[in-house]
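> Shown below is the structure under consideration.
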Amino acid sequence: MSVHDPVPAHGLGDLTAELQASRVRIVEAADQARRRLERDLHDGAQQRFVSACMLLGLIRRETNDHDPRLTDLLGRLADELEAGLSELRELAHGIHPAVLSDRGLRAAVDTLAARAPVPVRVDGDLQERPAPAVESALYFAVAEALTNVAKYASAGQASITIGGTHDQAEVEVRDDGVGGADPASGSGLRGLVDRLGALGGHLHVESPPGAGTTLRAIVPLDPHDPRADLSCGCCAEGQCRCGP
């Protein structure tokens, strides 16, 4: 067969299946790397910060305020250590939240909702835990949606619904903000489209101007199952126009 000959239909199907399987493996490998990095930060640098804070506390108690200047310097050092520890925890949480690995999607989403600057109601849950890469993709879809609510939506409240069927999982985030979100124009939503698409899922965004935004992320529970591909052509354009 020359390079100009058409690829047989069965061969094209095999290539497509292998390409999708390769995309899933890449996402899973990246997710595993994020989990390892979060654990390394927690068990390494974060524990050193905690130990340093404890040692500094002992030193401050030993000084007994005999030297006001030293007491002031130690207090400022304690503040810097606490700030560094807080920033490290935020970094680790952004890489991969431990609560997601330990307790699953609903608990992790509850944490996101509690940290949001507007009231957020959370409903529903998955009947069973999906593959870790699927769980992570859904979590970061919610995280990105709530980030957009805080930065751009001028919303007064939001709601999150978690659900699915026997073969797919879904999260939906609604807000009552200004609308007008465009998945094709922002790197955050564009990244979600790519991540979900690599797992055989898709992102659906409805955001008419002045009427709030609804974001739905849908992904197969088992992205390795070739029959469970939920992706669609319009997802590749950055805006899914599938039916709700």
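> Residues of segment 45-155: accessible area per residue at 1.4 Å, in Å²?
Solvent-accessible surface per residue comes out at 59 Å².
> Using only the heavy atoms of the protein chains and a 1.4 Å probe, how would Arg61, Arg89 rank by accessible area, largest first?
Arg61, Arg89
> To the nearest 10 square angstrom, how much accessible area does Arg106 have with a 1.4 angstrom probe?
70 Å²
> Roughly to the nearest percent, how much of the accessible area of segment 97-190 is carbon and sulfur, given a 1.4 Å probe?
It is 46 percent, rounded to a whole number.
The values are calculated or read from the model by the stated rules, or taken from the named source; none is laboratory data. The structure displayed is predicted, hence computed values, not measured ones. Each accessible area value is taken on the protein alone, full model and side chains, heavy atoms only, with ligands, DNA and RNA left out. Shrake-Rupley method; radii C 1.70, N 1.55, O 1.52, S 1.80 Å.
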